[in-house]
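Take a look at the structure below.
Rule-based calculations on the coordinates, nothing more; no lab input. All values reported here derive from a predicted model rather than from experimental measurement. Using ideal geometry, Cβ is built from the backbone for each residue, glycine included, and neighbour counts are taken over all protein chains shown.
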Amino acid sequence: MAKNLSEILAWVAETFEAPAEKIRPETRRDEIDAWDSLGILTLMARLDEDFHILLTEEEIQQLRSVEDILNLLRKRGVLGDNE
């Protein structure tokens with residue numbers, strides 16, 4: 001079942017243990033303290049566990065903002081178009 005934008009933003013905030021109000025589509029990786037090498041592993045594990053998404057090395061390298069995560073989830077059918 002597709003999630004809406006606010007659900008996914010809350011999921012991203014939970015994944016990186018960041019305040020929800022700090023997580024917006026335009027938020028860049030360097031603005032999230034926990035989005036470091038360990039944070040990437042946490043993100044990968046949660047994507048697999050929650051959405052059954054396994055990332056390629058190329059996809060991992062392309063994740064530079066919350067919008068990039070949103071686009072990945074749109075492409076995989078997790079984030080619905082009716083946000």
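List of remarks:
- Taking amide H as placed 1.01 Å from N in the peptide plane, the amide H of Ser65 sits under 5 Å from that of Arg29, each at least 5 places away or on another chain.
- Förster radius 22 Å - calculated FRET efficiency between Asp48 and Arg74 (Cβ-Cβ, nearest 0.05): 0.80
- Remark: the stretch 41-51, residue by residue, has Karplus-estimated 3J(HN,Hα) of 5, 5, 4, 4, 5, 6, 4, 5, 5, 8, 10 Hz, where x stands for each Gly or Pro and the curve is 6.51 cos²θ - 1.76 cosθ + 1.60 at θ = phi - 60°.
- Sequence of Ser37, Ser65, Ser6 once ranked by neighbouring C-beta atoms within 10 Å, starting from the fewest: Ser37, Ser6, Ser65
- Relative contact order of the chain, pairs being alpha-carbon contacts under 8 Å that are 6 or more residues apart, as %: 42
- Distance between the 7 Å Cα→Cβ label points at Ile40 and Asn4: 3.4 nm.
- Under a 5 Å amide H cut-off, with hydrogens placed 1.01 Å from N, Leu79 pairs with Lys3, Arg74 among residues at least 5 apart or on other chains.
- Additional length obtainable on full extension of the chain from Glu59 to Asp30, 0.36 nm per residue less Cα span: 8.7 nm
- Structure-derived mean projected area of the Cα convex hull in nm²: which label, when the choices are [x] 4.8; [y] 5.7; [z] 9.4: [x]
- For the stretch 1-16 and the stretch 36-83, distance of Cα centres in Å: 11
- Packing, as the average of other Cβ atoms within 10 Å across residues, places the peptides 49-56, 18-25 in the order 18-25, 49-56, highest first.
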